[in-house]
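Student: Below are the structure tokens for one structure; questions will follow.
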Amino acid sequence: MTEKQIVVLGAGYAGLAAATRAGKRGRVTLVAPEARLLHRIRQHETAAGHPEHRPALTEVLRGRAVRHIAARATELDLAGRKVLLDNGDALAYDTLVYALGSRTARLGVPGADEHAYTAERAAEVAERLRTADRPGTVAVVGGGATGIELAAELAEAHPGWTVRLVAADRVGGWFSAKGHDHVHRVLRGLGVGIDEHSAVTAVDAGGLTTTAGRIPADLVVWAASMEPHPLAAEAGLAVNPAGQAIVDDHLRSVSHPEVHVVGDAAEVTVPGTGTLRMGCATALPQGQYVGKLIAGRTDKPFAFRYVVQCLSLGRRDGLVQLIHGDDSMRAGALTGAAGRVIKAAILKSVVLSLR
Ligand SMILES: Cc1cc2nc3c(=O)[nH]c(=O)nc-3n(C[C@H](O)[C@H](O)[C@H](O)COP(=O)(O)OP(=O)(O)OC[C@H]3O[C@@H](n4cnc5c(N)ncnc54)[C@H](O)[C@@H]3O)c2cc1C
């Protein structure tokens, strides 16, 4: 009997966790261009110029029957059950794990492509800040978790620069009153200017145009939203309007059950919890589950409850917001050094959980 071909696309939190678990029982081929974990949840640290902590994929995959191909998938032939790669190869599969994640969305704002840096270009942001003739103004666009982490980190690491955090509505508005107040207190303490209710309508070489007026900036960092990788929709998997593949309770594509979709690429709805938000916190357990499912170590539906939401606020502070299992807020939050220490422990545990 020939061995089943298991192919995993993407080596983010979801793809790697799936590959290491499936690779305990069978041979797996993992396709992703990078040699080290992308580690997106630390990209704000990279942008501020801190050293990178990105384990090599060979380290994460040690002891597993996983072959890593350093390439990009360019096309998915769902009828022929094969993936075309940018190195010219075609990979046949019996089971595919699609974990191509997401990327920063510019939301069609004119000039954002040309004039704004995203977290994916964190190393270039660090270089721009390091080599600038003199400090200026950096505008971070997006009042969500990524924008807050970026603004705090940049302000702390580059106190000579003026950092402005620009948001279409409220910055951290979804947190409990305690969590929200802490975020604003720390940002203010770091000297971050907060421009709320200022939707960005255009970006140019001199800064931002917003619904509340002009914000001059020497450097624009864009963290307004995330969009799923487009390949799922292009290939003809059933997707939602945002382009995330729709999956069943075993994280199988509803249109192509031989394809599991995990992480930011999937729209996952769990009874009692709701539709999961994009995040490492949701991607990692999905990957772990599908890896076990493929290895025959579970046949139960995917189950998930949220535990906490946490943010780093520079190197010295953090926020751990207590939440209910469905992601709704509790009043309590851990702040300051306690928040920072717990966030750091979570970052460590993420890498350990990939194996
Ligand atoms: C600065 C920042 C901070 C964040 N902080 C948090 C946080 O504290 N908590 C939290 O829950 N979430 C956080 N997030 C969000 C989190 O990083 C993402 O939701 C998470 O990375 C999604 O994981 P994933 O495995 O689905 O996909 P990704 O991490 O996006 O990985 C996708 C993988 O697919 C690969 N790939 C892409 N295109 C191709 C191709 N064509 N062929 C082959 N491979 C390809 C990539 O190289 C990568 O290996 C943060 C994001 C950012 C940017």
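The values are calculated or read from the model by the stated rules, or taken from the named source; none is laboratory data. Source: prediction; values computed, not measured. Note: ideal-geometry Cβ built from the backbone for every residue, glycine included; neighbour counts use all protein chains shown. Ligands, DNA and RNA are excluded from the accessible area calculation, which covers all protein heavy atoms including side chains. Shrake-Rupley method; radii C 1.70, N 1.55, O 1.52, S 1.80 Å.
Student: Can you tell me which of Thr282, Thr275 is within 12 Å of the ligand (Cβ to nearest atom), among the hydroxyl-bearing types (Ser, Thr, Tyr) and out of contact with any Asp or Glu (no Cβ under 6 Å at 6 or more places or on another chain)?
Tutor: Thr282
Student: Can you find, within the range 21-31, the residue that is nearest to the ligand (Cβ to nearest atom) among those that are touching a strand residue (DSSP E or B) at 6+ places or on another chain (Cβ under 7 Å) and at pLDDT 95 or above?
Tutor: The extreme case among them is Val31.
Student: Step by step: first the residues of the range 165-182, then only those that are more than 21 Å from the chain's Cα centre (by Cα) and not in a loop (DSSP other than H, G, I, E, B), then the one that is surrounded by the fewest Cβ atoms within 10 Å (Cβ to Cβ). Which residue is that?
Tutor: Only one residue tops the list, namely Ala177.
Student: What residue, among those in the range 69-101 that are farther than 12 Å from Leu231 by Cβ and under 21 Å from the mean Cα position of the chain (by Cα), is most open to solvent (accessible area, probe 1.4 Å)?
Tutor: Residue satisfying both the conditions and the ranking: Ala70.
Student: Now a separate question. Which members of the range 15-43 meet the condition of being assigned to a helix (DSSP H, G or I) and either open to solvent by 10 Å² or more (accessible area, probe 1.4 Å) or assigned by TED's automatic domain parsing to the domain that holds Thr146 (or both)?
Tutor: Arg21, Arg40, Ile41, Arg42, Gln43 - these are the residues of the range 15-43 that are assigned to a helix (DSSP H, G or I) and either open to solvent by 10 Å² or more (accessible area, probe 1.4 Å) or assigned by TED's automatic domain parsing to the domain that holds Thr146 (or both).
Student: So, Ala238, is that one surrounded by fewer than 22 Cβ atoms within 10 Å (Cβ to Cβ), among the small types (Gly, Ala, Ser) and closer than 30 Å to Gly296 by Cβ or not?
Tutor: yes
Student: Please specify each residue of the range 44-72 satisfying the condition of being assigned to a loop (DSSP other than H, G, I, E, B) and in contact with a Ser or Thr (Cβ under 8 Å, 6 or more places away or on another chain).
Tutor: Within the range 44-72, Glu52, Leu61, Arg64 qualify.
Student: Quick one: count up the residues across the range 310-322 that are farther than 13 Å from Ala152 by Cα and either away from the ligand (no atom under 12 Å from the Cβ) or open to solvent by 10 Å² or more (accessible area, probe 1.4 Å) (or both).
Tutor: 2
Student: State which residue pairs qualify: first residue assigned by TED's automatic domain parsing to the domain that holds Ala151 and more than 20 Å from Ala223 (Cα to Cα) and inside the range 114-136, second residue more than 13 Å from the ligand (Cβ to nearest atom) and hydrophobic (A, V, I, L, M, F, W, C) in any location, beta carbons under 9 Å apart, and separation of 6 or more residues or different chains.
Tutor: Close Cβ pairs (under 9 Å, with a partner that is more than 13 Å from the ligand (Cβ to nearest atom) and hydrophobic (A, V, I, L, M, F, W, C)) amount to Ala132/Trp161; Ala132/Leu219; Pro135/Leu129; Pro135/Trp161.
Student: Restrict the check to the range 222-240 and report whether at least one residue is touching a Leu at 6+ places or on another chain (Cβ under 8 Å) and away from the ligand (no atom under 16 Å from the Cβ).
Tutor: For the range 222-240, residues touching a Leu at 6+ places or on another chain (Cβ under 8 Å) and away from the ligand (no atom under 16 Å from the Cβ): present.
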